[in-house]
Amino acid sequence: MNNADRRPMLTGFAGLPLGEITQCTTDDVGVLGVPSEVKTGSRFGTSLAPGALREMAERLDVDLPAKGYDLGNIDLSGDWSGTLMHLVTQMVDRQVVPVVLGGDSDVATAVLEALPDLPVVATMPHVRRDVAARPTNTIWVGLNGEQPIETWDLISQREMIWRTARQLDEGATDIPHKSDGAVLWIDLSVIDMGHAAGVVGLNPGGMKPETLVAVIESMTCSWQAIVITGLAPALDTRGMSELIAIETLVAALRNE
């Protein structure tokens, strides 16, 4: 694929062969790295996330519950978000599940813009400007309860579904969801800072890793696309943050 750079790669993510979109068939996954860097804040390193996730999956000998291809990394020169949107749309049209490894949250923004009519399940601590940008059929998982009052009001007005990290850690599993397809956005900053040092947003009172995995595994949804953001691997020398991301992804793919 002309838009991907595979030169530093020796093997694909979780043992998947390297390939092109044209090689993917129905129900395959197409793993695509987008090594974009965060633009603000004091914690950087999201550009290392796709490579770190591939390396950790190889070290753990992860066996994905899905077949498909690793499509490499997008070249970030030029209009990479437009390129990403085109590739995601192309995969979904072929009934291939894009698994996008970011990257900054702008990676998720591009994926969601490419699929504007699909419901979204977003695991993240804060919603901020994302509320106004998302349609009403959005489920917010793992909010840390510190949203501004106007944010809660807007969520309620638009009849969005939400569960806080505390509710989920205490066993709230009654999350209604659609089974006919949705986009899953996994932002690793949703995890409590004591469990995941390698994330962009430090989140005291965030979700426990086992809760995140269990919640996603319980949502028997046919994911049309999965995107991971918020991982800054260099900040976590033990690699626990990558492990959480991979375990959550595997849990999601079990439902495919």
Helical contribution to [θ] at 222 nm, DSSP H n ≥ 4, -39,500 (n - 2.57), averaged over the chain, rounded to 500: -8500 deg cm²/dmol
Selected from His126, Val183, Leu253, residue furthest toward positive end of dipole (the chain; charges at beta carbon): His126
Order of Lys208, Lys39 - criterion: other Cβ atoms within 10 Å of each residue's Cβ, fewest first: Lys39, Lys208
Cα-centred dipole magnitude for the chain, charges only on beta-carbon of K, R (+1) and D, E (-1), debye, nearest 20: 220
Amide H within-cut-off set for Gly181, under 5 Å, with H built and near neighbours excluded: Ser222
Cα-projected label distance for Lys67 with Phe44, points at 7 Å along beta-carbon direction, nm: 4.3
Under the Karplus curve 6.51 cos²θ - 1.76 cosθ + 1.60, θ = phi - 60°, whole-Hz ³J(HN,Hα) for segment 221-230, x wherever Gly or Pro sits: 9, 8, 5, 8, 6, 10, 9, 10, 9, x
Whole-number Å³ per residue for the convex hull built on Cα positions in the chain: 115
0 to 90° range, to nearest 10: angle between helix 105-114 axis and the chain longest Cα axis: 80
Residues with amide H under 5 Å from that of Ile139, placed H, sequence gap 5 or more: Val120, Val121, Ala122
Table column - 3J(HN,Hα) (Hz), segment 45-62, Karplus curve with 6.51, -1.76, 1.60, x for Gly and Pro: x, 5, 5, 8, 4, x, x, 5, 5, 5, 5, 5, 4, 5, 4, 7, 6, 5
Sorted peptide list for 59-66, 234-241, criterion being average Cβ within 10 angstrom, highest first: 234-241, 59-66
Burial ranking of peptide ranges 78-86, 26-34, 134-142, 115-123 (average Cβ count within 10 Å, highest at the top): 26-34, 134-142, 115-123, 78-86
Kirkwood Rh, angstrom, segment 45-96 [1 / mean 1/r, Cα pairs]: 13.1
Cα-derived Rg over Rh, computed across segment 102-199 with Rh taken as Kirkwood radius: 0.94
Full-extension gain in nm, Ser156 to Arg59, via 0.36 nm per residue minus C-alpha separation: 30.5 nm
Principal-axis tilt of helix 240-253 within the chain, Cα atoms, nearest 10 degrees: 90
Relative contact order [Cα under 8 Å, 6+ residues apart], the chain, whole percent: 22
Per-pair calculated FRET efficiency, R0 = 41 Å: Arg254 and Ala132 via Cβ, rounded to 0.05: 0.80
Nearest 10 degrees, 0 to 90: helix 209-218 Cα axis against the chain principal axis: 80
Cα gyration tensor, segment 139-256 - rounded (a/c under 1.5), prolate or oblate: oblate
Size of charge dipole - segment 1-140 - debye, nearest 20, with Cβ of Lys, Arg +1 and Asp, Glu -1, no other charges: 340
Relative contact order, percent, segment 8-78 [alpha-carbon distance under 8 Å, six or more residues apart]: 52
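The numbers here are math on the coordinates, done by the rules we state, and not lab data. Since we're looking at a predicted model, the values are computed, not measured. Because the Cβ atoms are built from the backbone with ideal geometry, glycine has one as well, and the counts that use them run over all protein chains shown.
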